[in-house]
1. Identify, from the list L80, L5, L21, the residue that is of a type in the set (A, V, I, L, M, F, W, C), modelled with pLDDT under 95 and more than 15 Å from the chain's Cα centre (by Cα).
2. Considering only region 18-34, state which residues are in contact with a Leu (Cβ under 8 Å, 6 or more places away or on another chain) and open to solvent by 30 Å² or more (accessible area, probe 1.4 Å).
3. Going residue by residue through region 35-47, is there one that turns out to be under 18 Å from P178 (Cβ atoms) and either surrounded by fewer than 16 Cβ atoms within 10 Å (Cβ to Cβ) or among the hydroxyl-bearing types (S, T, Y) (or both)?
4. Across region 167-220, which residue is most open to solvent (accessible area, probe 1.4 Å) among those that are of a type in the set (D, E, K, R) and in a strand (DSSP E or B)?
5. Taking into account only those residues within region 24-39 that are under 19 Å from the mean Cα position of the chain (by Cα) and assigned to a loop (DSSP other than H, G, I, E, B), which is nearest to L69 (Cα to Cα)?
6. In region 1-35, which residues are under 18 Å from V72 (Cβ atoms) and either free of Cβ contacts under 8 Å to residues at least 24 places away in the same chain or of a type in the set (S, T, N, Q) (or both)?
7. Would you mention how many residues in region 108-138 are within 22 Å of H176 (Cβ to Cβ) and of a type in the set (A, V, I, L, M, F, W, C)?
8. Quickly run through region 104-122 and pick out the residues that are of a type in the set (F, W, Y) and either surrounded by fewer than 20 Cβ atoms within 10 Å (Cβ to Cβ) or over 17 Å from D19 (Cα atoms) (or both).
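The values are calculated or read from the model by the stated rules, or taken from the named source; none is laboratory data. None of these values were measured; they are calculated from a predicted model. Note: ideal-geometry Cβ built from the backbone for every residue, glycine included; neighbour counts use all protein chains shown. Accessible surface is based on the protein model in full, side chains and every heavy atom, while ligands, DNA and RNA are left aside. Shrake-Rupley method; radii C 1.70, N 1.55, O 1.52, S 1.80 Å.
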Amino acid sequence: SQAILYPYDTPTRQTKSLDGLWRFKLDPTAAGHEEEWYKSSLAGDDVMEMPVPCSFNDITTDASIRDYLGVVWYDRDFILPSAWIQENVVLRFGSVHFSAEVWIDGVWVGSHEGGHMAFEFQVSTLLDMETTKHRVTVAVNNILTPDSIPQGKLVVHDDYLGLENEFDFFNYAGLHRPVVLYTTPAKLIIKDIDIRHTFPYEELDMVDITWDITYTAEVE
């Protein structure tokens with residue numbers, strides 16, 4: 001899902017930041033999916049608080065977290081404003097390195113791959129508007145491949161995993177940029193805006209601008 005423009009509050013759009021302290025848990029045995037960790041709040045003695053946005057490698061003094069390769073889990077609770085019940089609700093991630101899987105209240109939302117671009121999901125139909133408290137869960141995988149950008153090669157050693165690169169790079173990972181919920185009018189949703197320009201004269205002293213707006217609307 002594309003999310004090029006950052007949302008701001010307007011008369012027809014409200015935003016709610018989900019930045020702050022999230023629950024965080026490493027998953028070195030890749031048990032989270034099979035054990036369905038997304039169906040309840042992360043639990044256990046190994047759950048810690050992790051600030052968002054940040055790179056989880058850069059927060060603690062624990063080398064096992066700094067050099068970790070594999071899946072990590074984030075989740076947090078949030079309150080849905082009652083005024084949003086009639087609105088279209090969007091969940092936006094500014095950046096997650098490298099790949100992300102997202103759930104709302106234990107229900108699959110979607111996934112994204114690529115650690116440097118924003119992405120978003122329409123979540124209105126997944127939210128029980130009669131429930132005040134909700135939970136968002138994100139599984140993040142920071143393993144790179146020869147086909148990913150940036151590239152990397154996973155090397156399995158006897159007692160640890162390593163990542164080889166052909167360039168100077170540290171694999172910072174996590175929820176790197178702000179996470180935000182925002183609304184748009186439920187009856188009119190802009191899907192895309194395509195702006196094009198041409199210079200009709202060699203002097204380049206004039207420019208022609210055209211645009212296309214793609215949207216869905218409910219007609220009464």
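1. Sole residue among the options that is of a type in the set (A, V, I, L, M, F, W, C), modelled with pLDDT under 95 and more than 15 Å from the chain's Cα centre (by Cα): L80.
2. R23
3. No, every residue in region 35-47 fails to be under 18 Å from P178 (Cβ atoms) and either surrounded by fewer than 16 Cβ atoms within 10 Å (Cβ to Cβ) or among the hydroxyl-bearing types (S, T, Y) (or both).
4. K191
5. G32
6. Across region 1-35, the qualifying residues are T29, A31, E34, E35.
7. 8
8. Matches in region 104-122: W108, F121.
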